[in-house]
Every structure is written in structure tokens, then in C-alpha cells.
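Engineer: Quick one: the structure is below, and I'll ask about it shortly.
Where a number appears in this text, it was derived from the coordinates with a stated rule and is not lab data. These figures come from a predicted structure and were not determined experimentally. Cβ coordinates were reconstructed from backbone atoms using ideal geometry, including for glycine residues, and neighbour counts include every protein chain displayed.
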Amino acid sequence: MRVNQFIAAGSSLSRRAADQAIAAGRVLVNGQTPSAGQQITSQDVVTLDGAPITPDVKPITIMLNKPRGYVVSRDGQGAQTVYDLLPPELQRLQPVGRLDKDSSGLLLMTTDGQLAQELTHPRYVKQKVYEVTLDAPLQPLHRQIIAEQGIELTDGRSQLGLSRLRDGDDTRWQVRMHEGRNRQIRRTFQAVGYTVTKLHRVQFGQYSLGSLKRGDYQSIGS
């Protein structure tokens, strides 16, 4: 395991923050400053700011029902963050993907780097399902364009699977996608003249939100 992974697994730091801590001389391996990318074995003694680090052997993964208004970050810059919803022993978990501040629903957080890779890398093709509310009924032509032709955004084409959440209501839609570009759903609808007023994720890969209450979390197998 690389030293930055080891630190991230045994502390509240992300891998990037671990790299910064290493560069700042806050990390020692067997009393010496490690090199970037140094591999750590079970015989090595690793300390951060003088305190020993011992990562859990078994990875931890939770599913959180993120409320609107919470930022998926450690630094909310004045806003509440998803870490405010977690106890101290879960503060070192890393989010798998993102939900913007105005979105809600299923957020996976884990110490399992392999799981995070499998859920986010494009080659694994994991479906995400959202419930979306629009500010106006979606017109048939616009539905066809989004679902069949796709919308050209600044970072590429966006094509979404669409189905009504309720018969006769063209403002509420189930959206299915396999990508995860920044604010992709909002930008796709905005391109044809609609504002997403509510965006709630209910499924990510094999994980479904189910009856988990807003602001609550539960442990899941990873």
C-alpha cells in the first residue's frame, strides 16, 4: 500500500491531503521522512504529527441519505457538510462521486479504494438513478432530444434515460445515466429551457436508497 493510501485509511485526511502532509514533513516512516509513493508494509511504523497510524484492515462503507443544503466536502466554506452528519469514527470516510449542495439522496462513503474505483471509473458502467422535478412540463420534442439524440454540452454529449414518475405529470421524471459529470442533469435540462427544482438520487450501481430517512446513514457490505 502506498504511503498516502495508508495515511488516508488511518486518518481523516484524503489522499491529496496526505500527500501535502508528507511534503510538509508531518509524516514519518520508521522515523524517517518517506518518499512520494513509498510502499508501506505491516512491519513499518508510520506516524502523523507524532501519532502512530493503524488503518483498519476491514474497509468500511456506508450509504448516506444526503439532505439538500449539505456540501460533499470537508470544508463547507460556511455551509454544513456531510461530515456534520457522521460520528467521529466515520470522519475518515471518503465520498464516492458527488452530489451538489442543492441535490439530495444516496451518497456512498467508504475507506475501500477498490470499491470507489469500481463505482466511478467509466469502464465499469454503473447506472445511477435520480428523481427529478422540473419547473415546467417537459415537452415531447425535448424529451425525445434528451433521450434519443442527446444534448451537446461544453464537455461532451449528454444522453439521459427518461420515464415519468407519475402518469399525467410531465414535471417529474426518473432519470437514468451512467456518467457523472459536474451538474450534468441540471445542465442538460437547462440547455432546452428548463430548471431542475429538485434532484434526488435513489440508486448508484447495486445500491438503492430504499426507506433510509433523510440525514441518516447505514453500513453496507463493501
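Engineer: Compute the length gained on full extension between A79 and Q127: take 0.36 nm times their separation in residues and subtract their Cα-Cα distance, giving the result in nm to one decimal. Intermediate values should be presented prior to the final figure.
Structural biologist: Working: separation 48, 0.36 × 48 = 17.28 nm, distance 2.94 nm.
Net length gain for the segment: 14.3 nm.
Engineer: Just how large is the dipole of the stretch 25-140 about the Cα centre, in debye to the nearest 20, putting +1 at every Lys and Arg Cβ and -1 at every Asp and Glu Cβ? Numbers along the way, then the final one.
Structural biologist: On the way: 11 positive and 12 negative charges, 38 e Å.
Computed charge dipole of the stretch 25-140: roughly 180 debye.
Engineer: Counting other beta carbons within 10 Å of each residue's own, what order do I22, I7 fall into, fewest first? Display every interim value, and only then the final one.
Structural biologist: On the way: I22 22, I7 29.
So the residues, fewest neighbours to most, are I22, I7.
Engineer: If you don't mind, there's one more thing I want to ask. Provide S35, S104, S42 in ascending order of the number of other Cβ atoms located within 10 Å of each residue's Cβ, fewest first. Don't skip to the answer; put the middle values down first.
Structural biologist: Working: S35 10, S104 24, S42 6.
Ascending Cβ contact count within 10 Å gives the list S42, S35, S104.
Engineer: Amide H to amide H under 5 Å from Q94: which residues, 5+ apart in sequence or cross-chain, H placed 1.01 Å off N in plane?
Structural biologist: T110, T111
Engineer: Just one of (1) 20; (2) 27; (3) 9 is percent of Cα pairs over 33 Å apart as worked out from the coordinates here. Which one is it?
Structural biologist: (2)
Engineer: Evaluate the charge dipole of the chain about its Cα centre and quote only its size in Debye, nearest 20, assuming +1 on the Cβ of each Lys and Arg and -1 on the Cβ of each Asp and Glu. If you can, show how the numbers build up before the last one.
Structural biologist: Working: 28 positive and 21 negative charges, 66 e Å.
Dipole magnitude for the chain comes out near 320 debye.
Engineer: Another one. When only Cα pairs under 8 Å and 6 or more residues apart are kept, what is the percent relative contact order across the chain? Walk me through the numbers on the way to the answer.
Structural biologist: On the way: 403 pairs, mean separation 47.6, N = 222.
After rounding, I find 21 percent.
Engineer: Below 8 Å between Cα atoms, with a sequence gap of 6+, how large is the relative contact order for the stretch 127-204 in percent? Show your work: numbers first, answer last.
Structural biologist: Details: 137 pairs, mean separation 38.0, N = 78.
Answer for the stretch 127-204 is 49 percent.
Engineer: Under 8 Å for C-alpha pairs, at least 6 residues apart: give me the relative contact order for the stretch 44-152, rounded to a whole percent. Walk me through the numbers before you get to the answer.
Structural biologist: Working: 109 pairs, mean separation 25.1, N = 109.
Computed over the stretch 44-152, the figure is 23 percent.
Engineer: List every residue whose amide H lies under 5 Å from the amide H of L165, counting only residues 5 or more places away in sequence or on a different chain, with H placed 1.01 Å from N in the peptide plane.
Structural biologist: Those qualifying (amide H under 5 Å, at least 5 residues apart or on another chain) are R172, W173, Q174.
Engineer: Considering only DSSP states other than H, G, I, E and B, which trypsin sites (Lys or Arg not before Pro) in the stretch 186-222 qualify as loop sites with at most 14 other Cβ atoms within 10 Å? Intermediate values should be presented prior to the final figure.
Structural biologist: On the way: sites: R186, R187, K198, R201, K213, R214; in loops: K213, R214.
Answer by residue number: K213, R214.
Engineer: Helix-derived [θ] at 222 nm for the chain: sum -39500 (n - 2.57) over DSSP H runs of at least 4, divide by residue count, nearest 500?
Structural biologist: -4500 deg cm²/dmol
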